[in-house]
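The structure under discussion appears below in the form of structure tokens.
The values are calculated or read from the model by the stated rules, or taken from the named source; none is laboratory data. Quick caveat: nothing in here was measured; it's all calculated off a predicted structure. Using ideal geometry, Cβ is built from the backbone for each residue, glycine included, and neighbour counts are taken over all protein chains shown. Note: areas computed on protein heavy atoms with side chains; ligands, DNA, RNA excluded. Shrake-Rupley method; radii C 1.70, N 1.55, O 1.52, S 1.80 Å.
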Amino acid sequence: NLIIFKDLKKNDPSALNKIFAINGDFMEPHSGISESDFDHLTKNLNLIIHCAASVKFDEPLKIALRMNTISTRNMLNLAEKCEHLKAFVHVSTAFSNTNQSVIHEKIYEPICDYKKLISLVEENNEELDIVNTMALKVFPNTYIFTKNLTEALVADYSHVPVTIVRPSIVCPSYSEPMKGWVCTIIRPIIINHVI
């Protein structure tokens, strides 16, 4: 019942038949999606826009890694099983490489191995505190640090049709679907339609 669908409901109500909600938790294995929903998605998805993230700058590193990096890995694991996938779009940030004086449209080598950090989180290892201290000497906060790591993770899934977008800010809509609309809780968008 989101207000942003008001015009769509009025002008093309059948379009809403393409949208359905599923339960999941992107920080969990299998993205927390039931077997039947996972099977349905892998057979029918052709586009995934992954923009779910914690945008709290002072998030503890363990939580930021779970929400921004591990969740992306789990979504990519879903994406690589999709039979009709045309694109996986990962929403990063224009600030993901603040440790560079000039930023080009490329993936930069992260200061840490994201695989090692994921292991530390999954093992509940206290070494993460040392990494947090080191990372905050290079990056201004855990949000930017984990976005930097996650770009390297996405690049490692080159067998999936991935792309990374780096918006500087997500702001309210100008006029469509309604003037000034903005969602302060970012959720992934899954479009369920086979072309």
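Give me the residue from segment 42-66 that is of a type in the set (S, T, N, Q) and either part of a helix (DSSP H, G or I) or farther than 28 Å from residue 20 by Cα (or both) and, out of that set, most open to solvent (accessible area, probe 1.4 Å). Within segment 42-66, the match that is most open to solvent (accessible area, probe 1.4 Å) is 44.
Screening the candidates 111, 144, 130 for the property of being among the hydrophobic types (A, V, I, L, M, F, W, C) and under 30 Å from residue 46 (Cα atoms) yields one hit, 144. Residues in segment 67-100 that are open to solvent by 30 Å² or more (accessible area, probe 1.4 Å) and assigned to a loop (DSSP other than H, G, I, E, B): 80, 81, 83, 84, 86, 94, 95, 98, 99, 100. Quick check on residue 70: is it under 12 Å from the mean Cα position of the chain (by Cα) and hydrophobic (A, V, I, L, M, F, W, C)? Yes, satisfied.
Would you please name the residue that is surrounded by the most Cβ atoms within 10 Å (Cβ to Cβ), looking only at residues in segment 1-21 that are in contact (Cβ under 8 Å) with a residue 40 or more places away in the chain and under 20 Å from the mean Cα position of the chain (by Cα)?
Filtering first and then ranking leaves 19.
Quick one: count up the residues across segment 130-168 that are without any contact (Cβ under 8 Å) to a residue 12 or more places away in the chain and not hydroxyl-bearing (Ser, Thr, Tyr). Going through segment 130-168 one residue at a time, the tally reaches 4.
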